[in-house]
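Report on the following structure.
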Amino acid sequence: MEPLVMGGMVLAGLAATLPLARQRLELSMAKHPSLTGHSRMAKRLARWVPGYAYDAERFFAADDAPPEVRENRRVAFAVLAAELNARHARSIALTQQARAQIPDLQFTGAYRVPFQFSPYLRQHLSVGAFVQRTDGVCVEDLDGQRLIDLTGCYGVNVFGHDFYKSCIAEGSARVAELGAVLGSYHPVVASNVAELCRLSGQDAVSFHMSGTEAVMQAVRLARYHTRRKVLVRFSGAYHGWWEDVQPGPGNPLPPGNTYTLKEMDGDTLRVLRKRRDIACVLVNPLQALHPNRAAPSDSALLDSSRHAKFDRAAYTAWLQQLRQVCSERGIALIFDEVFMGFRLAPGGAQEYFGVRADMVTYGKTLGGGLPVGVVCGQARWMKRFREERPADICFARGTFNSHPYVMGAMQVFLERLRSAPVQALYQDLDARWDGRARQLNEQLAAQGLPVRVANLSTIWTVTYTLPSRYNWMFQFYLRREGLALSWVGTGRLIFSLDFSDADFEAVSQRFLAAARAMQRDGWWWQAPGASNKEIRRGLLREMLREMKR
Ligand SMILES: Cc1ncc(COP(=O)(O)O)c(C=O)c1O
């Protein structure tokens, strides 16, 4: 072949591939540099991490603390464990009895703390999983121990335990004559739909049985109406446990039609502006507290680099930019308010940030204490068939959708939401909770304690100011002071809006007492020149050594 002809062909080939290469490059640039932005790599790494555990020596000396500090810790741990084990004996006994048959319990029990510490800890200190009563902001276990409840019931508990008890009782009474009829609707369904459309500013509603299912349905509708495949989620954001929204560790399948991109970043906007394969963008407003980071959990508290800070103006600007690019490109903007819905404002994150989504998912609290998932959306996105192509449908069913008892509890929930006492809880909500966080941080600083809190309204996370390998111990000191946390420990404290000043003062005092005790017991001892980076390097060396064994 003539050299000139060959050259021309190469150039033509380059021209054809360049836009593709550029698109790939732009996609890579829109990924967060951390592992949360690289699902495949994170999964590969997760398979590589060797399992090993610290023995009775190393458990107290992972930071190579001197002998007197280790001894101090050892004695303190024995006292703490004995106290907690005795105080919660019945709850612990039932937990141990049930554990072998409840994999969920095995999992949450094992992942309360970093895995190296977990076996020794579990051998000596147990946490009961069973409770029997709630009363105000407290939960009571089988031993009659009352703890202030900061678990938030995975986010369900926005208005206090008594609120949900009464939603369930009253809602059940409203539908009792019908019972568990499915397929046909109890009239409460119509009133819930009307109220949800009003609240969300959307045209139509579908009911599901969990938040995960609501997200699945919203994404499916977006794909159906755009005829595009890809969903965009942001690094670290949780949207339930369905495959496409959990492409990283935790899901055995490789990522499918999902792009995990950087949140609050121009590179992501560029990708949204240019690509033609994107059906929808999923936003979890909770990420505003820690953009691009996974939900903080004490099992990942290897050092003190946990960071969180909420900037309302910056996040509002980000959502506005997303809104604009999605409108321009025909991409469905989906707010996943399963967690945050009704916590920031009666109209949810849409109202709070002043941005309207194409579809919104709700769940958790909206069921008035019963299980639910809801999609509210514009009519054009919600329709499940095409008149002009009757066989081309978007299928979604679910046996228990619109269950009368759930709908009854939801109706009471929505009525109460409009009541004066509940509306009053939203008055100065941010000022109240930001003030409480500030006040606690001031006290922590004044007492020289290396702990702080960061918050997005009533969702709090605990951060640590000194490099340490033992911050995860703090959850057990908090428990001793009578504060109940979920299995993610100090990663997430969830308050219900009904905490009075006196309730909060009790939390503050207990929190400070726990931090003082933890400091006194030597867990925050510092080696000269200690840094988070050095801790991580040390851990890497340790893992490499373990792999060679
Ligand atoms: C933002 C968000 N979306 C979806 C889900 C999934 O909801 P469910 O656990 O009801 O399936 C959750 C659960 O925590 C969530 O926080």
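A few comments on the model shown:
- Charge dipole magnitude, Cβ of K and R +1, D and E -1 - the chain, Cα centre, debye nearest 20: 1700
- Each Lys or Arg adds one and each Asp or Glu takes one away; over the other residues whose Cβ falls under 12 Å from the Cβ of Gly136, this sums to -3.
- Sequence-distant residues sharing a close amide H with Tyr259 (under 5 Å, placed H): Leu231, Val232, Arg233
- Part-to-part distance (alpha-carbon centres) for the stretch 294-349 and the stretch 174-192, which is given in Å: 34
- FRET efficiency for Ala82 and Trp241, using Cβ-Cβ distance with R0 set to 45 Å, rounded to 0.05: 0.75
- Within the stretch 147-181: backbone nitrogen closer than 13 Å to the Ser419 label point (7 Å, Cα to C-beta): 159-171
- Förster radius 45 Å - calculated FRET efficiency between Ala89 and Glu442 (Cβ-Cβ, nearest 0.05): 0.75
- Cβ crowding within 10 Å averaged over residues, with 341-352, 53-64 ranked highest first: 341-352, 53-64
- Surface/4 estimate of mean projected area, convex hull on alpha-carbon atoms of the chain, nm²: 31.9
- Around Gln443: net Lys/Arg minus Asp/Glu count, Cβ-Cβ under 13 Å: +3
- Size descriptors for the stretch 51-174, from the alpha-carbon set: Rg then Dmax equal 18.4, 65 Å.
- Taking the fewest neighbouring Cβ atoms within 10 Å as the starting point, the ordered list for Met410, Met264 is Met264, Met410.
- Packing-based ranking, highest mean first, of 364-374, 185-195 given that Cβ atoms within 10 Å are counted: 364-374, 185-195
- When you count the other C-beta atoms within 10 angstrom of each residue and take the mean per peptide, 508-518, 386-396, 20-30 line up highest first as 508-518, 20-30, 386-396.
- Shape call, the stretch 168-289: gyration tensor on alpha carbons, a/c limit 1.5: prolate
- Non-local lysine pairs in the chain, meaning eight or more places apart or on different chains, with alpha-carbon distances under 24 Å, amount to 19.
- Here the simple spin-label model places points 7 Å from the Cα toward Cβ, and for Arg549 and Asp104 these points are separated by 3.3 nm.
None of the figures in this text is laboratory data; all of them are computed from the coordinates on show. From a predicted model like this one, the values you see are computed outputs, not experimental measurements. Quick reminder, even Gly has a Cβ in these numbers, built from the backbone with ideal geometry, and neighbours come from all protein chains shown.
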